[in-house]
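Every read-out reported here was derived from the displayed coordinates using simple, explicitly stated rules and does not represent laboratory data. Everything numeric here is computed off the predicted structure, so don't read it as measured data. All Cβ positions, even for glycine, are placed from backbone atoms using ideal geometry, and neighbour counts span all protein chains on display.
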Amino acid sequence: MSVTLLTSPRFSDHLTPPGHPERVERSEVMQLVASEFRARGGRVLEPRRVTDEEITRIHEPDYLTLIKETAGRAVALDGDTFTSPRTYEVATLGAGATVGAVDLVLDARPGARALAVVRPPGHHAERNRAMGFCFFNNIAIAAAHARARGLARVAIVDYDVHHGNGTQWSFYGDPAVLFISSHQYPYYPGTGAAGDIGTEAGKGFTVNLPMAAGATDADYERVYTKIAFPTLRQFRPELVLVSAGFDAHMDDPLGGMRVTAPYFGRLTAALVKVADECCQGRVVAVTEGGYDLAGLAESLRMTIAALDGKTDFAAPSGATPRADATIEAVTPHLSDRWKL
């Protein structure tokens, strides 16, 4: 098989208050899907914990100390983000899974891919701030690790329903990391407008695709085909990283989108195709949101299938008014950098 999963039952050790959407049952679903993959002959590895050096490529040392000091305690870091006694350890394991996934893909034969199946998510965590259920920014730490290993160009694609603010700010002035995010807008956390395209040398290397609530598979297909894929191909990344959040699923309680589980597979397969063209198929994905348990399970299955080489996902059809509005809003901001 082409894809390796990195995950652990220890992700259930992060506890949240009753009624919180980022609940232990999400880990149980992840482990079920990983077990199914293993039963088919798939490779599933236990991740290592991230090191302090790897964390502080993205997060401030004082922030790392703050999160370390929550070990053994239940602490409310904001109105949404809570630790439990083992949260610090679990969060280091999640970030370690993404770093390990990068090492696995870079050290393997061409075409190798990896998926870090983790919780809690990471893309909202900023340099010195936990927020939105996130403590360490797993995918930003992975991108920084890839750069430390010598890669000159790394792309991050985030299709979670929420904008990955922490990831954006990590690389906002850095032309070596292309960040593309499709997200419901306006919505939490309020960032990710069409005109947020980076600063200084990094101007144009942040590509936000803000989409109105109700966007469908067809809307996503059009936006990615018109903006995201051409940008990726022109950037020519040496590694593609994917923030695989499934809360744009039509049944998700936190999102307002209408994406189906098979479309997450189709979108992931299209990203794999770009990676095949640009960087020997090197793709690393990491789970982010996804709070309807059945939707999470099926979306994860479809994503694994795409990473493992499945390509025959049905093309969506229908009108795309939300996509057309996004394209119209975004294109003028990017035309100086990319041919769209």
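Considering each residue of segment 304-311 in turn, at least one proves to be among the β-branched types (Val, Ile, Thr) and assigned to a loop (DSSP other than H, G, I, E, B).
With a requirement of 2 or more residues that are within 18 Å of SER299 (Cα to Cα), the helices (runs of 4 or more DSSP H) lying completely within segment 198-279 that satisfy it span 217-223, 261-278. Looking only at segment 24-49, residues that are in contact with a helix residue (DSSP H, G or I) (Cβ under 9 Å, 6 or more places away or on another chain) and among the basic types (Lys, Arg) come to 4 in all.
Are any residues in segment 126-167 among the aliphatic types (A, V, I, L, M) and free of Cβ contacts under 8 Å to residues at least 60 places away in the same chain, and if so, which ones?
Passing the criteria: only MET131.
Is it the case that segment 301-312 has a residue that's touching a Cys at 6+ places or on another chain (Cβ under 7 Å) and over 13 Å from VAL161 (Cβ atoms)? So far as segment 301-312 goes, no, none of its residues is touching a Cys at 6+ places or on another chain (Cβ under 7 Å) and over 13 Å from VAL161 (Cβ atoms).
ILE58 meets the conditions (1) among the aliphatic types (A, V, I, L, M); (2) in contact with a strand residue (DSSP E or B) (Cβ under 7 Å, 6 or more places away or on another chain); (3) in contact (Cβ under 8 Å) with a residue 40 or more places away in the chain in every case but one. The failed one is (2). For VAL259, indicate whether it is under 22 Å from GLY132 (Cβ atoms) and of a type in the set (Val, Ile, Thr). It is true that VAL259 is under 22 Å from GLY132 (Cβ atoms) and of a type in the set (Val, Ile, Thr). Which residues, counting only those in segment 280-296, are assigned to a loop (DSSP other than H, G, I, E, B) and either among the aliphatic types (A, V, I, L, M) or buried (at least 24 other Cβ atoms within 10 Å of the Cβ) (or both)? Residues satisfying the conditions are ARG282, GLU288, GLY289, GLY290. Of all residues assigned to segment 134-154, at least one qualifies as being over 23 Å from LEU271 (Cα atoms) and in a loop (DSSP other than H, G, I, E, B). Within segment 161-184, the residues that satisfy the criterion of being of a type outside the set (A, V, I, L, M), crowded, with 24+ Cβ neighbours inside 10 Å and part of a loop (DSSP other than H, G, I, E, B) are HIS162, HIS163, GLY164. Might you check whether a residue that is aromatic (Phe, Trp, Tyr), touching an Asp or Glu at 6+ places or on another chain (Cβ under 8 Å) and part of a loop (DSSP other than H, G, I, E, B) occurs anywhere in segment 117-133? Yes, segment 117-133 contains at least one residue that is aromatic (Phe, Trp, Tyr), touching an Asp or Glu at 6+ places or on another chain (Cβ under 8 Å) and part of a loop (DSSP other than H, G, I, E, B). Screening GLN234 with (1) of a type outside the set (Lys, Arg); (2) over 19 Å from the mean Cα position of the chain (by Cα); (3) surrounded by 19 or more Cβ atoms within 10 Å (Cβ to Cβ); (4) within 20 Å of ARG282 (Cα to Cα) gives one miss only, at (3).
With respect to (1) assigned to a helix (DSSP H, G or I); (2) over 19 Å from the mean Cα position of the chain (by Cα), the lone exception for TRP338 is condition (1). Within segment 160-180, the set of residues being within 14 Å of the chain's Cα centre (by Cα), more than 18 Å from MET131 (Cα to Cα) and not β-branched (Val, Ile, Thr) comprises LEU178, PHE179.
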